[in-house]
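Take a look at the structure set out below.
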Amino acid sequence: MSAPNSSYDPVQVTDLQPEEIDAARDTALTEIAAAGDLDALADVRTRQVAGRGAPLVLARRELGALPPQARADAGKRLNAATRAVTEAYEARLAVLTEERDARVLVDEAVDVTVPAGRSPRGARHPLSAVVDRVSDVFVAMGYEVAEGPEAEHGWYNFDALNTPADHPSRELQDTLYLEPTASQVVLRTQTSPVQVRSLLDRPLPVYVICPGRVFRADTVDATHLPVFSQVEGLAIDEGLTMADLRGTLDAFAAGLFADVRGGSLRTRLRPHFFPFTEPSAEVDLQCFGCGGDPADPGCRICSGEGWIEWGGCGMVDPAVLTACGVDPERYTGFAFGMGLERTAMALHNIRDIRELIDGDVRFALAFAGAGEL
Amino acid sequence: MRVVHSWLAELVPGLPDAATCGDALTRASLKLETVERAGEGLEDVVVGEVLDIEELTGFKKPIRFVQVGTGAGPISGSPISGSQPRGIVCGATNFAVGDRVPVALPGAELPGPDGKPGSAISARQTYGRTSDGMICSSRELGIGDDHRGILVLPPDTPIGVEFATVIGMPDNVLDLEITSDRGYALSHRGVARELGIAFDLPFLDPADVDLPSLSEGYPVRIDDPSGCSRYVARTVSGLDSAITSPPPLASRLALAGMRSISLAVDVTNAVLLGLGQPLHAFDLDKLSGAIVVRRARPGETIVTLDGEKRNLVAEDLVITDDSGPIAIAGVMGGASTEVTASTTRVLIESACFDPVSVARTARRLGLPSEASRRFERGVDPALAPFAAEVAVRMLVDFGGASAERVGTDVDLTAPPTTVGLPLAEAERLIGRGYPVEVQRHRLEQLGCAVEVTGTGLRVTPPTWRFDLERPADLVEEIARLEGYETIPVRLPRAPAGRGLTPAQRGRRRVADALADAGFAEVLLLPFLAGDVADRLGLPADDERRAAPRVANPLAEDERELRTTLLPGLLAAAARNVSRGNPDVALAEVGTVFRARPPADHAPEVPGVAQRPTAAQLAALDATLPDQPRHVAVLLTGRREPAGWWGPGRVADWSDAVETARLLARVVGTRLTVRSAQTAPWHPGRCAELVATGSDGSERVIGHAGELHPRVVSEWELPPRAVAMELDLDQMLARIDTAVEVPPVSPYPPADRDVALVVAAEMPAGQVIAALRDGAGPLLESTRLFDVYDRIGPGERSLAFRLRWRAADRTLTAEEVNELRDTAVRAAAERTGARLRS
């Protein structure tokens, strides 16, 4: 290298002496290594690594005073020393940061088992929840959900359902009438009038379920309510038979109790009588407590019977079809219905039916999901 | 219906055990409720003879020390020889030396009445004697409820035999549920016939007795053929009224649930239970003139067997003689012609009365009886003369009577009708085929006469099957007897459905959203007391006063149907608070009822022979009250719970209003909140909820806010309960389905805060509306972040953060400032707002 700086005086700069650089580097490295925490390290950085007064920084400012050849040599030495110090600093910084972070996480530990239920807990009523469930099962089969009035004319509740004019179910001790009784408006005793309305309103074929509240002149006690929930189904089509009814009831049971005993519960029919179906049957459901096959003699739900009474069903009586303008020679169909209270009571071990209509939040919140309060 | 197994076994020889019978009957539609074992615990009861009676004196009541012989030979299971007389202390006095009585030996454990635990018998000291056993009443033996004295057995009862064998014990009683279409099964005859079919065993019809040829008997006239299709009268004389029913008969009646009263009455009951024919026994000597069956005349009365004087009405069917009514047909006999201890001549009535007539009268008089139950369901009209003959024979056999060689049978029975059953009908309804021979065989088993033709069966049902009128009725019988379990299982393929309707989905979202928001869903009874409207402070003309009334309420003080969900929630909240749960958040989704103005006259009720016309159906619907579905919530106490994080938050009016907004949001209805004054809310803290329809029309669908302090204290709730109620149907009818997504802008927003001073009574909602209108279409959001009341008298300050954003550019500061100024001007013009300095 030759002479562009030849005009410079060959000044000796003390800071840039090799020994000085090495000494400054070693001091810095020692202090970096000795820094016990991030604050100390920051202090070291100011004094030894990057601050204006740091020896290596000061030395770099002196570089320009050196003649070219000396400057290059000093520059190399200085760069090497600075790199060593910076690397040591970065490494130390990483170590101390990690230590600090770890300490903070330890310091910030809390008792996560402390209850933290700030948001209020709510729940669906078990009966309305099961109505939704039933609706889903049947909607999946292609049914629609039909609805009708709770205060209903007697023609829909009785006449159209083939109930004889003098049938005891029409009497005041069984059925609640609205004033004036001459208008024959009753609180529906079953959701079957919705079936009648469905047949009158909808084009054939009809596949509907009718969930809803129904009313009987029963005084309230541990096993009776004057108001309870029912779900009925109706299918009217060409070629429907009792075999289709059996299949539908089994599918209903499997769907509604899909998470009980692997969805294996089946139904059976027992002959019975209803004015609006012929043939008629009662439906028994395999016990969801013990499975019923074989029955557990000590089962609290079925008392060892293996079956629990579930509801009524049958082939829709030709008289009902006629009253709704459906040709019974061409169309057949089935209907079924079950009360939901007893199922809910057995499923959830509810001992007193009055709890269903009492409105106590403790009852409701039992359905708010598992976990401590 | 209680049926006795041994009785059935007499009619169906080879009958299996009771449990097997029960299963078979359940499958055959006569549902088994329970099986009771009867006559257990009688192992150490034997028949003894009263040998000597010593009357003990000096006690408060008569006490006897009785020597009883129990015959020769050892008693089974007893170490004591039976040959020695044993002394027994007894408090009853209805027996004499020579009588045969049941003797419970020491070691016996008697069953006790009604299956209750009875007493263990041992030799013991009492009344100064050693009582070596006990002589028993019916009740102590668990075979009846007669406890008036010792059960005295017939004099020919062998001494020393086990008592159980005397009365046919042990036995089983099956309690069956009989549906209203199967009146024939309210008898051992009917049940036994079903069992014969079920087990393919011969059935010995107890009504199959030879009728004697008789000359014309007691004069009988049927004046009302619609009420009485047949009347048979038979007479016996020389009845020894001292004779009581033989123990096996009394015991059988007891097992079937009827008390032994007297031989004549017991015989009629035995025929009723055995054959299903209700009979009535008149004291023949108390009759005067011909028996006439007719409707009652206005003003007529009768004193019935229970001693009650009954007023009769014109639809009541009565049995009369020259003295007037002597029995209410099929319901209850009269006192004036009752069979008593002095009766020697008896007229047995065996008749067939109209079901509807009997049912109405029994119900009107509150006199349901074993007889009326059977007539209501229909009694076999062919049975009457046979039942009378069976009764006469029993009175002759047991009561020493002699049958008079006369009899009356007025028979107006209509000939049976025939039902045509197409061959394929069973398969069409059931889904499996039944060969014609199977169909014929099953129908014949029921007692039908069957004729097979080319296309089907011509079936004449038996006289006791009133329910077999149409092909479907016969199909049920074939399917039932072949077994419902033989019906295949098949799933029909329904046409594709449309799923839940938007309203149904909306209701479900509402219920779920309320639960998620911390409300406990409740279902309450819809019956309310008449003073609820007053307690709520509703004005006189409030539509919620139009409560439909229940004509026959379950409780006199709860005869109105709810017109609002709030009273139920108030009462439920009060129950919770009184049970120590002060923080309550309840929600109910349910129907409320609003009476419509009454029509001038009730509409004509359509028939059922065809579909009613649209006008007829509309007329029926017009009779119904309005029945909208409402949703309501009620909060008292804390809305957010207290805990280590802080004191929680007490529910206030805003929680009620916010719940309405939440529900509108989840279903997608545009809801505006305006201040209002409506009972039962606090007049200064009540919002009306206004839904906007797709056509822009507005409708008030409900209210929310803090409840009126008077209402809160009326229900004894803690102060400041809040509530919301809205018409869910109306809200769901206004779902805004045409959701348009605004362009999602990538450009930054520009925020400006404005603090406006307005009159204290100026609703914030109006200020916000004015700001929005003035802020132009680029306004993205408005947030009220501060309300400051202490600004000056009659004024308050509302601080808003307004945010603008454009879809296509970054807004300039000048632009935004201009928009802010326009918004503030709009608020100033419409609400008198001024910028807070």
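Just so it is clear, none of the values below were taken in a lab; they were calculated from the coordinates. Predicted model, so just to flag it, every value in this text is computed and none were measured. Virtual Cβ from ideal backbone geometry, glycine too; neighbours counted across all protein chains shown.
Site pair A:S264 and B:A290 shows an inter-label distance of 7.4 nm when each label is modelled 7 Å from Cα along Cα→Cβ.
To the nearest 10 degrees, how steeply does helix B:18-27 sit against the main Cα axis of chain B, on a 0 to 90 scale? The angle comes out near 50 degrees. Normalised by the number of residues in the stretch B:492-572, the mean separation of alpha-carbon contacts (under 8 Å, six or more apart) gives a relative contact order of 28 percent. Inter-chain neighbour count for A:145-153: the average number of beta-carbon atoms from partner chains within 10 Å of each residue's beta-carbon is 6. Each Cα pair of the stretch B:714-837 feeds into the Kirkwood radius, which the Stokes-Einstein equation turns, at 25 °C and 0.890 mPa s, into a diffusion coefficient of 144 µm²/s. Calculated FRET efficiency, B:S402 to B:L204, Cβ-Cβ distance, R0 = 25 Å: about 0.40 to the nearest 0.05.
In chain B, the longest principal axis of the Cα atoms and the axis of helix B:471-482 are about 70 degrees apart. Per residue of peptide A:111-123, the mean number of Cβ atoms on other chains within 10 Å of the residue Cβ is 5. Of the GluC sites (Glu not before Pro) in the stretch A:232-336, the ones in a loop by DSSP (not H, G, I, E or B) with at most 15 other beta carbons within 10 Å are A:E238, A:E305, A:E329.
With the helix formula -39500 (n - 2.57) applied to DSSP H stretches of n ≥ 4, the protein assembly as shown reaches a computed 222 nm mean residue ellipticity of -9000 deg cm²/dmol. Close amide-amide hydrogen proximity is noted between B:R310 and B:I302, B:V303, B:T304, each under 5 Å apart and 5 or more residues distant or on a separate chain (H modeled in the peptide plane; Pro and chain starts excluded).
In a fully extended conformation the segment linking A:Q69 and A:D43 would gain 5.9 nm over its present Cα-Cα distance, using 0.36 nm per residue. Taking the Cβ of B:V608 as the center, what net charge do the other residues with Cβ under 12 Å away carry, scoring Lys and Arg +1 and Asp and Glu -1? For residues surrounding B:V608, the net value is -1. A cut-off of 5 Å between modelled amide H atoms, ignoring neighbours fewer than 5 places along the same chain, links B:N552 with A:Y177. In this label model, B:T20 and B:L412 are separated by 4.8 nm, measuring between points 7 Å along each Cα→Cβ vector. Note: relative contact order over chain A, using C-alpha pairs below 8 Å and six or more positions apart, is 13 percent. For the stretch B:446-482, GluC sites (Glu not before Pro) meeting the loop criterion (DSSP other than H, G, I, E, B) and having at most 13 other Cβ atoms within 10 Å: B:E469.
Averaged over the residues of B:609-620, the number of partner chain Cβ atoms lying within 10 Å of the residue Cβ comes to 3. With a Förster radius of 41 Å applied to the C-beta separation of B:V700 and B:N311, the computed FRET efficiency comes to 0.15. Within chain A, the cysteines lacking any other cysteine Cβ closer than 4.7 Å to their own Cβ are A:C210, A:C313, A:C324. For the stretch A:110-192, trypsin sites (Lys or Arg not before Pro) are listed when DSSP marks them as loop and at most 11 other Cβ atoms sit within 10 Å of their Cβ; the list is empty. Between B:E370 and B:A496, the contour length at 0.36 nm per residue exceeds the alpha carbon distance by 40.1 nm. Highest mean packing first, where packing is the average number of other Cβ atoms within 10 Å per residue, the peptides B:454-460, B:327-333, B:820-826, B:571-577 line up as B:327-333, B:571-577, B:820-826, B:454-460. Counting 0.36 nm for each residue step from B:S781 to B:T810 and taking away their Cα separation leaves a gain of 8.8 nm.
Using the Cβ-Cβ distance between A:R300 and A:T113 with R0 set to 41 Å, the FRET efficiency works out to roughly 0.75. Backbone amide hydrogens, once placed in the peptide plane, bring B:W681 within less than 5 Å of B:H708, excluding anything fewer than 5 places away on its chain.
Taking label points 7 Å from Cα along the Cα-to-Cβ direction, B:Q84 and B:Y747 give a separation of 12.3 nm.
Could you tell me which of rounded, prolate or oblate describes the stretch A:203-274, using a ≥ b ≥ c as the square roots of the eigenvalues of the alpha-carbon gyration tensor, with rounded for a/c under 1.5 and, failing that, prolate when a/b is larger than b/c and oblate otherwise? Judged from the Cα gyration tensor, the stretch A:203-274 comes out oblate (a/c at least 1.5, b/c at or above a/b). The long axis of helix A:68-107 is offset from the longest Cα principal axis of chain A by roughly 30 degrees. By the gyration tensor of its Cα atoms, with a ≥ b ≥ c the square roots of the eigenvalues, what is the shape of chain B: rounded for a/c under 1.5, prolate for a/b over b/c, or oblate? The shape class here is prolate.
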